[in-house]
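Notes follow once the structure below has been shown.
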Amino acid sequence: MHEIETDDTPVVRMVGITKHFPGVLANNNVDLTLHRGEVLALLGENGAGKSTLMNMLVGLYRPDSGEIFINGKLAEIHSPQDSMALGIGMIHQEFMLVGNMTVAENIILGMKDLPFVPPLADIKKNITELSKHYGLQVYPDKIIQDLSVGEQQRVEILKLLYRGAEILILDEPTAVLTPGESRDLNEILKKMLAEGKSAIFITHKMDEVMEFSHTVQVLRRGTSVNVCPTSSIKRVQDLARMMVGRDILFSLDRGAYEPGEVMLEAKNLVMQSVGTNKYILDNVSFTLRGGEILGVAGVAGNGQQQLTEALTGLMHVNSGQVLIRGKDYTNKTPLQIIRSGVSHIPADRGRMGVVGDMSVGDNLSMKKYRTSELSDHSVIKRSWVRLFAERLIETFTIKTPSQDTSVKFLSGGNIQKTILAREIDSCGGILIAVYPSRGLDVGATEAVRQNLIKQRDKGNAVFLVSEELEELLMVADKVAVMFEGRIMDIVDVKDAKTEELGMLMAGVERGSI
Amino acid sequence: MRFALEKRDSKSRKMTVLVPIASLLLSFLLGAIVLTLSKANPIQTYVAMFKGAFGSQSKIQFTLVKTVPLLLCGLAVGIAFRLKFWNIGAEGQYVSGVIGITWVMQFWTFLPHWLVLPVGIVVGVLFGAIWGGIPGVLKAQWSVDETLATLMMNYIIIGYAEYLYINAWKAPRGNMGTVRYPEYAWLPRIWGRVHAGVFFALILVAILWFVLYKTRWGFELNMIGKNQKAARCQGVSIKKNIILAMLISGGIAGLAGVIDSAAVTHQLTKGVNGGYGFTGIIIAWMSGLNPIASIFVAILMAALDTGSDALQITLKLPSAMGEVLQGLILIPLLAGSIFTEYKLLVLGKHKESSK
């Protein structure tokens, strides 16, 4: 990319930004500087604080402390309207478009200083001109839902340009694009930069950093760990190490690794999305033995969750096989798979894991209510349920006023313990856990990990999906890395190198560098 | 003074009981305003309504006769609502039931006399179940919006019923209505006008209470209604249960029609769609989908109905006033349900009293 002039005042300067969420330090004293005509790549794992930082720049959150300067002037940004007035616009991962309205209508939607009857003819003319100027090929009369994802993204870009944005923030813009569309996006960006506009680019893909950006800034756990010109980066490995970090791992007590018989096996699983035929799962195979924890690493959205839903019967695969103890369970119902001995700690604990409006006791019995342990023929025995729930609450130290309290009133950690208790208690040999420690505090996280290891030591097979490499290296025996629906590689934890895993997570093939 | 709502730590049991009662009183208060505006004395009106509903043995009997189909429709709607399946087609399922029993009464003359009523009941219930099951299948298999489907199916079956009693099944004499059911196949009376349908309703309340609160299936329905995704993760089949619940819901609404025609109207004729199915929606909501509470709500609704008929006679007020009052009951109740999960805080007065 072309050289940038650095003499003028930076267009964005964020100084000492700190932001807390309950139990989480999302940003810790972060500085960020963006110059005119510059593309800054903001790199980091999920939960590193990239989106939080940018949301403060566009007024969706307010920083707890720290200051933001726009064009050298201290700015108070309270809302997206404020940031738009300062020339800052953000394109979110989820597009903010109304599907059954036209491009032109979407572009002017929410604009303040329009007359009661907007002069649509003039607006359309302006849009067409702007679109031609940047080579966007956006037609104002098209209906949004008839457009491809790439075209919709161009509408989002045009929306910002139309409102006079000078600073564009793009949150993982290429995540939804085909390679061809990504190249087009690159061209559009170049044209805008040539006019003195600037951009911040959130990503976790290494090759994009090298391709698009002038400067790269790496966030890790809310802290900025490095800022440097992209041209100074010699090896992609350096970036990977910066992103993942090399913290000392504390070890958890665990028995020797003694893998038993194969419990769960996937053979060439393929899942395509309806309509677009995009590959969500692309030829996924693995084996999982008793007494073993297979970790699945990868940035969220690379098919991990769909893989677990295929294994648990919640989603169907197009081809391939799921074998449980050697028997075919491909596309069977969730109940059949539960009966085969599979327990499931789902990714979204509030929406999939518990029924918030039902009591702790009821939630604990949601697997076993259909067994003779809790019911006599078809009638649930309340007294048996009480004793059963009391026992689980004690064993798993669930903090709740009583077992009659609705689950939704518990803390995130205790909700997760409730799920863990139910799934582990009913586990018949295979435990599938998806992001089980996500959003939990240190204590609850440790409890979750210890319980997973306990299952492994008992000889059960554990399938653990996590976004945190550290967790996987601490808990798992083997780690499979997923990228865009494929398993890039499966490595033994004892031979695994963090940076190597980081590269695989970013889609860099082994041996290609 | 400012008010704020704070989420409670748990659902307030006290409020769950208090809110419906307070709402009822509030709706009478709102009704009083409407009555005053119509130049009627509210107290006089309410007294007249009460007397109209419970003032004599025969009036109590009238009210009870109306209670039976209302209660059954409330139970029917309540089952579907437990799954968050918005069945507003109880009216049509009721009519479907009446068509079923009328078919047996009119054409299955080969049956021995004692068998006509039982067979008629079974066929009517099946007709209702089919009419409820269709939108259930549509929803489960192709996610067809159930609100629209059940509503539209009301019009189809009501139109068909009209065709039957005006054309195809019309009795030779008169210009509408089918032949009256043979007297040996009427549902017997037990106290004045009150008929054996009361037993059907009460037994059904007991069965439903047991099934919904004590059995695995009731537990599954509860899970689906409160979090469908989580229920699916726990291995509960959503499709199967939606269809099953709608078959039962339609069947019970069909039973309401069957009983009312076997015991009261004795034919299929104009007025078969009397609105019981729609009032059933109010009953289901007000009772909190609880079958036992439905009994009391159904009596209340029936009393409002018979009571407002009396208005016309004693006070020369339009009987539509009763419908106004029925409508007014639901609004405070829905608004009031917020107090079971939130409590109202008064945040103190503003010091500045001057403007």
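For chain B, the longest principal axis of the C-alpha atoms and the axis of helix B:13-37 are separated by about 80°. Summing +1 for each Lys or Arg and -1 for each Asp or Glu among the other residues whose beta-carbon sits under 12 angstrom from that of A:GLN272 gives 0.
Given a cut-off of 17 Å, what percent of all Cα-Cα pairs of the stretch B:102-202 lie beyond it? The share of Cα pairs beyond 17 Å in the stretch B:102-202 comes to 66 percent.
What share of the DSSP beta bridges in chain A is antiparallel, in percent to the nearest 5?
55
Work out the FRET efficiency for B:ALA335 and A:LYS381 from their Cβ-Cβ distance, taking R0 = 35 Å, and round it to the nearest 0.05. Computed FRET efficiency for B:ALA335 and A:LYS381: 0.35. Shown is the FRET efficiency for A:ASP328 and A:TYR279, computed with R0 = 22 Å from the Cβ-Cβ distance and rounded to the nearest 0.05: 0.45. The reciprocal of the average 1/r between distinct C-alpha atoms defines the Kirkwood hydrodynamic radius, which for the stretch A:333-434 equals 13.6 Å. Which of rounded, prolate or oblate describes the stretch B:143-203 when judged by the alpha-carbon gyration tensor and an a/c cut-off of 1.5? Oblate is the answer for the stretch B:143-203, as a/c is 1.5 or above yet b/c matches or exceeds a/b.
With the Cα gyration tensor of chain A in hand, convert its eigenvalues to equivalent ellipsoid semi-axes via √(5λ) and list them largest first in whole Å.
Numbers: eigenvalues 392, 132, 114 Å².
Calculated on Cα positions only, the semi-axes equal 44, 26, 24 Å.
Placing a label point 7 Å from the Cα of A:ASN126 along the Cα-to-Cβ direction, the residues of the stretch A:87-110 whose backbone N falls under 12 Å of that point are A:107-109.
Per residue of A:404-415, other chain Cβ atoms within 10 Å of the residue Cβ number 2 on average.
Please determine, in degrees from 0 to 90 and to the nearest 10, the orientation of helix B:276-286 with respect to the longest principal axis defined by the Cα atoms of chain B, where the helix direction is its Cα long axis. Relative to chain B, helix B:276-286 is tipped by roughly 30 degrees. Computed over chain B, the per-residue total of -39500 (n - 2.57) for DSSP H runs of n ≥ 4 gives a 222 nm mean residue ellipticity of -23000 deg cm²/dmol, rounded to 500.
Angle check, please: helix B:197-214 long axis (alpha carbons) against the longest principal axis of chain B (alpha carbons), in degrees 0 to 90, nearest 10. With rounding to tens, the tilt is 50 degrees.
So for chain B, what percent of the C-alpha to C-alpha distances run longer than 40 Å?
Roughly 19 percent, once rounded to a whole number.
For the stretch A:344-391 versus the stretch A:460-498, the spacing of their alpha-carbon centroids is 31 Å. Out of every Cα-Cα pair that the stretch A:192-323 contains, those further apart than 25 angstrom amount to 53 percent.
Packing, taken as the mean count of other beta carbons within 10 Å per residue, orders the peptides A:230-240, A:350-360 from highest to lowest as A:350-360, A:230-240. Name the GluC sites (Glu not before Pro) in the stretch A:238-328 that are in a loop by DSSP and that have at most 16 other C-beta atoms within 10 Å, would you? Sites meeting the loop and neighbour criteria: A:GLU261. Taking a Cβ cut-off of under 15 Å around B:LYS214, the surrounding Lys, Arg, Asp and Glu residues balance to a net charge of +3, with basic ones at +1 and acidic ones at -1. GNM on chain B, alpha-carbon springs under 10 angstrom: the most fluctuating residue among B:GLU146, B:GLU323, B:GLU91 is B:GLU323. For chain A, the relative contact order is 15 percent, taking Cα pairs closer than 8 Å that sit 6 or more residues apart in sequence and dividing their mean separation by the residue count.
Relative contact order for chain B: what percent, with Cα pairs under 8 Å and sequence separation of 6 or more?
38
Looking at the stretch A:421-513, which trypsin sites (Lys or Arg not before Pro) are in a loop (DSSP not H, G, I, E or B) and have at most 16 other Cβ atoms within 10 Å?
Passing both the DSSP loop test and the Cβ count: A:LYS458, A:LYS497, A:ARG510.
Each Lys or Arg adds one and each Asp or Glu takes one away; over the other residues whose Cβ falls under 13 Å from the Cβ of A:ASP348, this sums to +4. I'd like the FRET efficiency for A:VAL117 and A:ARG163, computed as 1/(1 + (r/R0)^6) with the beta carbon distance as r and R0 of 22 Å, rounded to 0.05. Computed FRET efficiency for A:VAL117 and A:ARG163 comes out at 0.65. In units of the rule-of-thumb radius 2.2 N^0.38 Å, the protein assembly as shown shows an alpha carbon radius of gyration of 1.16. The stretch A:61-140 and the stretch B:138-156 have Cα centres separated by 40 Å.
Values in this text are rule-based calculations from the coordinates and carry no lab data. In this text the structure is predicted, and so the values were computed from the model without any measurement. In this analysis, Cβ positions are derived from the backbone assuming ideal geometry, glycine residues included, and neighbour counts consider all displayed protein chains.
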